[in-house]
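Notes follow once the structure below has been shown.
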Amino acid sequence: MNEKIWGIIGGVALLLALLSPLVLGNSKKVERLFEDAEALYERSNYEGAIEKYKKALKESNKPGAKTEHIDRDFATLVNLKIARCYYHLVERTQDVRYYQDALAHIRQVWNRTHVPNHQEELTYLWAEILYRIEDLDQAKSKFSWLIGRFPNSDRVPEALYALGNINVKQENYNEALNSFQKLIDEFSNGDWGAKGLYAIGDIHYKQQNYDEALNAFQKLIDEFPHSELNAETEHRIAELERLYDEPRPDPECEEMYNIASNLKEDEKVYEAYQHYTDLITQFPECKYVTDAYVGIAEIYLQSEDHVNARRNYEEAMRNTDDEERRRDLYEAYHRTYLIPDYPDDIILPPTPTDKLFTEARFLRMEERFPEAAKIYGELGNKNLSAEDTIDALYWMGFCYLESVLQNPDSADVTSFSKSVNAFSELIADYEDNSYTIKSYYYLALIYSKWAKVLADPSKYQLVINTVEEANERYRAIDSPRYNELFRRMQQLKDDAHEKLIPSPLDERRQEAEHGIADAEDAIARAKQKRNREPTIIQEAEDHLRRAKETMDNNNYQAALDLAKKALEIIRPEPPSPPTKQHYVEKGHIHLQRDKLEEATREANQALMMDQNCPQARELLLKIKQGYYGRGLRYFDEKKYNKAITAFKNVIEIDPKFKEAYNRLGAIYIKHEKYNEAIENLREATNIDPRFKEAYFNLALAYLELDDFRAAINAANNALSIDSYYEHARMLIEFITN
């Protein structure tokens, strides 16, 4: 072998020697990195441990690295360790986002692990995280699988205890009792028996099975005299003994409370409210008075009347000596302040607190509009303040209108007249109040319905007059919500114009006339061109003549067919392609008819022809405002799914429209979709770092996820923008307390 070949071989060997640390694994290095990670984990340096574990895993994946002496399934072990680090980081930082990192590592290896112990630990950690993030059904499934797959595992008592607690949260009390009883039967040694008995006692107490609760608590004291739970258990026993010493509630009071609670559960809030208030009045010393005040507070919350909800929580706190119950009520009281916030261009008057206003509001919630309208009518005849009179008139008109819309077939002149009178009085006697523009819209709507339902065309002119008066007085106001109302009024006006202007031709006749006119134009153009065959022109003219004769005989469909045949024969030149201006004009027509989807499509067609077309950009801006106004309307009407669609359409047109993100965040908070809320609210604050309402809503979402640090940070951001922002200050106070 010559020197050249030996030189090549030597060069290759040197290159491999230089590259081997980069491409070949080093078992010793893997072991050293893993031991470093373990040491950092023991010192609770979880971030450092994660870094070392990941480096060990990366090194172990290189060819030649041996890890069997560390573990048979090293990759699964390391992912399990990393997941545990993320789990502990949540405990230390209160940042629940680390749970998602932990779950990602668990899911990565769970299906492919072949070491039973690893699968057991992965499953338990997975279930525990699901439980912490309140994905209760999935957590229950994982805990149950663990118990069935590894019945001898040391994790079984923890899994049984967690299953019991999940079922308590879901109010599946029988399943919970079974889980806790199994825990006692199979793991009576140590603390598990005591925990199971305490949990059973607590369930019986919640269900007011006081004898069973007392037996369970007493058994805990007798069988586990050294349990850490004994002090709390003795407190619960003393509480039960006080209950036995108290006089039993009046059976009539108890029955009234149960009826009220069932009515509330069935969403018959008006009757529930009546029963709760009757209970408080007739049995002021009954033990259910506190619960009745809570029931009333929850009804007010349902109607988003937070002021009256707070008043009833205050009464509930005054009527109980139970300190634990008082703490819970105090938290519920404070939570009435923690509702999504957003800048609004309409300030509505405060909700009246008169008993009749309350009854009418609850009847509205049940959509019992005729009864509600009657009460508002009674209120309108009382000597009320101007603000309350405005409220009574507006809602009387609204409820009579809704009663007509509910049952148009049974509507009569009286309902229409009462609605018209209420809105007309509101507009005439109380100018420029917060309901005025809405009253104009509803007045135009009731005239329109009157004309259709009772076949009275004269009311269409009143629709036109009402809309024109509203435009003259208020059209200069620029507000997305008001713009939406004006757009809907314009649509009512256009419909009224169509009904008032009699058409001499029906649809078929108009179509036939248009067809004949098109054929005449095509033949005229053909005659101007010398290259067209005279016989073709003559044949087309024959069909056109027959079409006109057929038209005179009122056979419109046949006339249209003959006109189309004439067009086919003459074969006119294809029409010129539509211009961007054509698309913009069509878009404006759709916009006027509130067909925003079609208007958007036409605007986009124009922009495809010219990305900088100013008319198309202006059209899209109006469409965006239309969608936002539609979203606000649905938001006000609590049609949240439709509002979500509208606000998403706004964002599709203008991804920098911060208010739409904030509204979406508020809706997702109401729907308890806190991660989606956070995503949208972060986008709002990224667009406008001084958007205080979005920061406050972000704090609410973090609070619901128990991420208190992030909640306080977001609330502090809101306060840094506005140091007098009361919502944010109260939220921080609530978390701190």
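Okay, residues lined up against (1) among the small types (Gly, Ala, Ser); (2) over 21 Å from Glu484 (Cα atoms); (3) surrounded by 15 or more Cβ atoms within 10 Å (Cβ to Cβ); (4) over 32 Å from the mean Cα position of the chain (by Cα):
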| position | (1), (2), (3), (4) |
| --- | --- |
| Tyr583 | no, yes, yes, yes |
| Lys595 | no, no, yes, no |
| Ala603 | yes, no, yes, no |
| Ala606 | yes, yes, yes, yes |
| Pro614 | no, yes, no, yes |
| Gln625 | no, no, yes, no |
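For Asp456, only one of the following conditions fails: (1) touching a Leu at 6+ places or on another chain (Cβ under 7 Å); (2) free of Cβ contacts under 8 Å to residues at least 40 places away in the same chain; (3) assigned to a loop (DSSP other than H, G, I, E, B). What is its number?
(1)
So, in region 721-730, how many residues would count as being farther than 12 Å from Glu693 by Cα and either part of a helix (DSSP H, G or I) or touching a residue at least 24 places away in the same chain (Cβ under 8 Å) (or both)? Show your work before the answer.
Quick first cut of region 721-730, residues farther than 12 Å from Glu693 by Cα only: 723-724, 729-730.
Right, trim to either part of a helix (DSSP H, G or I) or touching a residue at least 24 places away in the same chain (Cβ under 8 Å) (or both) and you get 729-730.
Within region 721-730, residues that are farther than 12 Å from Glu693 by Cα and either part of a helix (DSSP H, G or I) or touching a residue at least 24 places away in the same chain (Cβ under 8 Å) (or both) number 2.
Give region 90-143 a look and list any residue that's of a type in the set (Asp, Glu), in a helix (DSSP H, G or I) and under 26 Å from the mean Cα position of the chain (by Cα), or say none. Don't jump to the end; show me each part of the working.
The first filter runs over region 90-143 and keeps only residues of a type in the set (Asp, Glu), leaving 91, 95, 101, 120-121, 128, 134-135, 137.
Add one more test, that the residue is in a helix (DSSP H, G or I), and what stays is 91, 101, 120-121, 128, 137.
Across region 90-143, the qualifying residues are Asp101, Asp137.
Could you please tell me which pairs satisfy a Cβ distance under 6 Å, a separation of 6+ or placement on different chains, a first residue in region 422-449 that is not assigned by TED's automatic domain parsing to the domain that holds Gly380, and a second residue that is among the β-branched types (Val, Ile, Thr)?
Correct list of pairs: empty, since none qualify.
Can you name the residue in region 683-709 that is more than 21 Å from the chain's Cα centre (by Cα) and either of a type in the set (Val, Ile, Thr) or under 20 Å from Leu89 (Cβ atoms) (or both) and is also surrounded by the fewest Cβ atoms within 10 Å (Cβ to Cβ) among such residues?
Taking the candidates together, the pick is Arg709.
Conditions (1) modelled with pLDDT of 90 or more; (2) part of a loop (DSSP other than H, G, I, E, B); (3) over 26 Å from Arg488 (Cβ atoms), marked per residue:
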{"residue": "Leu348", "(1), (2), (3)": "no, yes, no"}
{"residue": "Tyr376", "(1), (2), (3)": "yes, no, no"}
{"residue": "Trp395", "(1), (2), (3)": "yes, no, no"}
{"residue": "Ser415", "(1), (2), (3)": "no, no, no"}
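If Glu271 satisfies every condition in (1) modelled with pLDDT of 90 or more; (2) among the acidic types (Asp, Glu); (3) not in a helix (DSSP H, G or I) but one, which is the exception?
(3)
For (1) in contact with a Lys or Arg (Cβ under 7 Å, 6 or more places away or on another chain); (2) within 14 Å of His334 (Cβ to Cβ); (3) not in a helix (DSSP H, G or I), each residue gets a yes or a no:
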{"site": "Pro689", "(1), (2), (3)": "no, no, yes"}
{"site": "Glu693", "(1), (2), (3)": "no, no, no"}
{"site": "Ala701", "(1), (2), (3)": "no, no, no"}
{"site": "Asp706", "(1), (2), (3)": "no, no, yes"}
{"site": "Asn713", "(1), (2), (3)": "no, no, no"}
{"site": "Leu719", "(1), (2), (3)": "yes, no, no"}
{"site": "Ile732", "(1), (2), (3)": "no, yes, no"}
{"site": "Ile735", "(1), (2), (3)": "no, yes, no"}
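Just to be sure I understand, how many residues within region 249-286 are among the small types (Gly, Ala, Ser) and surrounded by fewer than 16 Cβ atoms within 10 Å (Cβ to Cβ)? Show your work before the answer.
Start the filter on region 249-286 by keeping residues that are among the small types (Gly, Ala, Ser), which leaves 260-261, 272.
Applying the additional criterion that residues be surrounded by fewer than 16 Cβ atoms within 10 Å (Cβ to Cβ) yields none.
Residues in region 249-286 being among the small types (Gly, Ala, Ser) and surrounded by fewer than 16 Cβ atoms within 10 Å (Cβ to Cβ): 0 in total.
Leu214 - would you say it is buried (at least 18 other Cβ atoms within 10 Å of the Cβ) and either in the same structural domain as Lys169 (by TED's automatic domain parsing) or part of a helix (DSSP H, G or I) (or both)?
Values: buried (at least 18 other Cβ atoms within 10 Å of the Cβ): yes; either in the same structural domain as Lys169 (by TED's automatic domain parsing) or part of a helix (DSSP H, G or I) (or both): yes.
The answer is yes for Leu214.
So, in region 151-186, of the ones that are part of a helix (DSSP H, G or I) and of a type in the set (Lys, Arg), which residue ends up farthest from Pro116 (Cα to Cα)?
Of all residues in region 151-186, those part of a helix (DSSP H, G or I) come to 156-169, 173-186.
Then drop every residue that is not of a type in the set (Lys, Arg), which leaves 169, 182.
Numbers: Lys169: 31, Lys182: 24 Å.
So the residue we want is Lys169.
Within region 619-636, does at least one residue satisfy the condition of being of a type in the set (Val, Ile, Thr) and either out of contact with any Ser or Thr (no Cβ under 9 Å at 6 or more places or on another chain) or over 19 Å from Ala599 (Cα atoms) (or both)?
Initial filter on region 619-636 (of a type in the set (Val, Ile, Thr)): 623.
Next cut, either out of contact with any Ser or Thr (no Cβ under 9 Å at 6 or more places or on another chain) or over 19 Å from Ala599 (Cα atoms) (or both) only: none.
For region 619-636, residues of a type in the set (Val, Ile, Thr) and either out of contact with any Ser or Thr (no Cβ under 9 Å at 6 or more places or on another chain) or over 19 Å from Ala599 (Cα atoms) (or both): absent.
Within region 510-517, is even one residue over 30 Å from Asp412 (Cα atoms), in contact with a helix residue (DSSP H, G or I) (Cβ under 8 Å, 6 or more places away or on another chain), modelled with pLDDT under 85 and outside the structural domain of Tyr556 (by TED's automatic domain parsing)?
Checked region 510-517: no residue is over 30 Å from Asp412 (Cα atoms), in contact with a helix residue (DSSP H, G or I) (Cβ under 8 Å, 6 or more places away or on another chain), modelled with pLDDT under 85 and outside the structural domain of Tyr556 (by TED's automatic domain parsing).
Regarding Leu40, is this residue in contact (Cβ under 8 Å) with a residue 24 or more places away in the chain and either out of contact with any strand residue (DSSP E or B) (no Cβ under 8 Å at 6 or more places or on another chain) or more than 27 Å from Tyr131 (Cβ to Cβ) (or both)? Steps first, please.
Details: in contact (Cβ under 8 Å) with a residue 24 or more places away in the chain: no; either out of contact with any strand residue (DSSP E or B) (no Cβ under 8 Å at 6 or more places or on another chain) or more than 27 Å from Tyr131 (Cβ to Cβ) (or both): yes.
Answer is no for this residue.
Identify the residue in region 260-271 that is touching a residue at least 40 places away in the same chain (Cβ under 8 Å) and not β-branched (Val, Ile, Thr) and, among all such residues, is farthest from Glu371 (Cα to Cα).
Filtering region 260-271 down to residues touching a residue at least 40 places away in the same chain (Cβ under 8 Å) leaves 267-270.
Within this subset, residues satisfying the condition of being not β-branched (Val, Ile, Thr) are 267-268, 270.
Details: Glu267: 17, Lys268: 14, Tyr270: 11 Å.
So, considering only residues that are touching a residue at least 40 places away in the same chain (Cβ under 8 Å) and not β-branched (Val, Ile, Thr), the one farthest from Glu371 (Cα to Cα) is Glu267.
Have a look at Ile237, Ile221 and point out the one that is over 18 Å from Gly164 (Cα atoms), over 44 Å from the mean Cα position of the chain (by Cα) and of a type in the set (Val, Ile, Thr).
Numbers: Ile237 fails: over 44 Å from the mean Cα position of the chain (by Cα).
Sole residue among the options that is over 18 Å from Gly164 (Cα atoms), over 44 Å from the mean Cα position of the chain (by Cα) and of a type in the set (Val, Ile, Thr): Ile221.
Can you name the number of the only condition in (1) within 19 Å of Asn230 (Cα to Cα); (2) surrounded by 21 or more Cβ atoms within 10 Å (Cβ to Cβ); (3) without any contact (Cβ under 8 Å) to a residue 24 or more places away in the chain that Gly201 fails?
Looking at each condition in turn, Gly201 falls short on (3).
Going by what's in this entry, would His204 be described as closer than 21 Å to Glu324 by Cβ and not in a loop (DSSP other than H, G, I, E, B)?
For His204, the condition - closer than 21 Å to Glu324 by Cβ and not in a loop (DSSP other than H, G, I, E, B) - is met.
Within the bounds of region 76-95, is there any residue that is in contact with a Leu (Cβ under 9 Å, 6 or more places away or on another chain), modelled with pLDDT under 90 and of a type in the set (A, V, I, L, M)?
No: zero hits.
Give me the pairs: first residue in region 587-601 and hydroxyl-bearing (Ser, Thr, Tyr), second residue at pLDDT 85 or above and surrounded by 15 or more Cβ atoms within 10 Å (Cβ to Cβ), beta-carbon distance under 7 Å, and six or more apart or on different chains, which are they?
The qualifying pairs are Thr600/Ile623.
Which of the numbered conditions does Asp341 fail, given that it passes all the others? Conditions: (1) under 17 Å from Thr277 (Cβ atoms); (2) among the acidic types (Asp, Glu); (3) modelled with pLDDT under 80.
(1)
Considering only residues that are surrounded by fewer than 20 Cβ atoms within 10 Å (Cβ to Cβ), more than 17 Å from Lys418 (Cβ to Cβ) and touching a Phe, Trp or Tyr at 6+ places or on another chain (Cβ under 8 Å), which ones fall in region 439-472?
Glu469, Asn471, listed by residue number.
For the list (1) farther than 25 Å from Glu679 by Cβ; (2) surrounded by 21 or more Cβ atoms within 10 Å (Cβ to Cβ), I need the number of the one condition that Asn117 fails.
(2)
The values are calculated or read from the model by the stated rules, or taken from the named source; none is laboratory data. Keep in mind that what you see is a predicted model, and the values were worked out from it rather than measured. Heads up, the Cβs are rebuilt from the backbone with ideal geometry, glycines too, and the neighbour counts pull from every protein chain shown.
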